[in-house]
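Asks: Questions regarding the structure given below will be posed in turn.
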Amino acid sequence: MTNADHKALRQRLLDFAVAAGDGTVTTADLAATNGSLTDAGYSSLSYMRLIDMIENELGVYLDPDADDEAFQSIDSITQLVLTSGDGVDA
């Protein structure tokens, strides 16, 4: 995956995270926390929506019971998607 593809995937996941937050977390909130969903006040329901969105839009299965640290930030989720999905289209 090229650097541009990685950035595109990260941006797409950031957009998913904002949408899944249902108005409680903004792009600015995530920028202020260096992409930390936890520090931005992301709820457990938002996490479930985000996981569902990733599975539906990217076709990558993510185990919600996996390592909690993998779901802490946009960067960790990007890495998780990359390692979980072969040939994920950004």
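Asks: Using helices alone, I'd like the mean residue ellipticity at 222 nm for the chain: each DSSP H run of four-plus residues gives -39500 (n - 2.57), total over residue count, nearest 500.
Replies: Values: 4 runs with 50 residues, N = 90.
Result for the chain, helices only: -17500 deg cm²/dmol.
Asks: Using modelled amide H (1.01 Å from N, peptide plane; none on Pro or chain starts), what sits under 5 Å from the amide H of S73, excluding residues fewer than 5 places away?
Replies: Here the answer is L37, since their amide H atoms fall under 5 Å of that of S73.
Asks: Could you state the angle between the C-alpha long axis of helix 3-20 and the longest principal axis of the C-alpha atoms of the chain, as a value from 0 to 90 degrees rounded to the nearest 10?
Replies: Helix 3-20 sits at roughly 40 degrees to that axis.
Asks: With everything on Cα atoms, drop me the angle between helix 44-58 and the longest principal axis of the chain, reported from 0 to 90° to the nearest 10.
Replies: Tilt of helix 44-58: around 20 degrees.
Asks: Taking 1 over the mean of 1/r across every pair of different Cα atoms in segment 1-61, what Kirkwood radius in Å do you get?
Replies: On the way: mean 1/r = 0.0844 Å⁻¹.
Final number for the Kirkwood radius of segment 1-61 is 11.8 Å.
Asks: Hand me the chymotrypsin sites (Phe, Trp or Tyr not before Pro) from segment 17-87 located in a DSSP loop with no more than 15 other Cβ atoms within 10 Å, in residue order please.
Replies: Y61
Asks: Length gain on complete extension for the stretch S44 to D65, per 0.36 nm per residue less the alpha carbon to alpha carbon distance? Spell out each step's value before the answer.
Replies: On the way: separation 21, 0.36 × 21 = 7.56 nm, distance 1.20 nm.
Computed gain between S44 and D65 is 6.4 nm.
Asks: To continue, here is another question. How far is it, in nm, from the label point at A19 to the one at A4 when both lie 7 Å from their Cα along the line to the Cβ?
Replies: The two pseudo-label positions are separated by 2.3 nm.
Asks: Can you pull the one-decimal nm distance between simple spin-label points at D75 and A31, each 7 Å off the Cα toward Cβ?
Replies: With each label placed 7 Å out from Cα toward Cβ, I get 1.7 nm.
Asks: A further question follows. Counting alpha carbon pairs within less than 8 Å and at least 6 residues apart, what relative contact order, in whole percent, applies to segment 1-46?
Replies: Values: 21 pairs, mean separation 14.7, N = 46.
Once divided by the residue count of segment 1-46, the mean separation gives 32 percent.
Asks: Further question: Residue by residue through segment 67-76, what is 3J(HN,Hα) from phi via Karplus (6.51 cos²θ - 1.76 cosθ + 1.60, θ = phi - 60°)? Round to whole Hz and write x for glycine and proline.
Replies: In residue order, the calculated couplings are 3, 4, 5, 5, 10, 7, 9, 4, 5, 5 Hz.
All of the numbers you see were taken from the coordinates with simple rules; none came from a lab. In this text the structure is predicted, and so the values were computed from the model without any measurement. Positions of Cβ are generated from backbone atoms using ideal geometry, with glycine treated the same way; all protein chains shown enter the neighbour counts.
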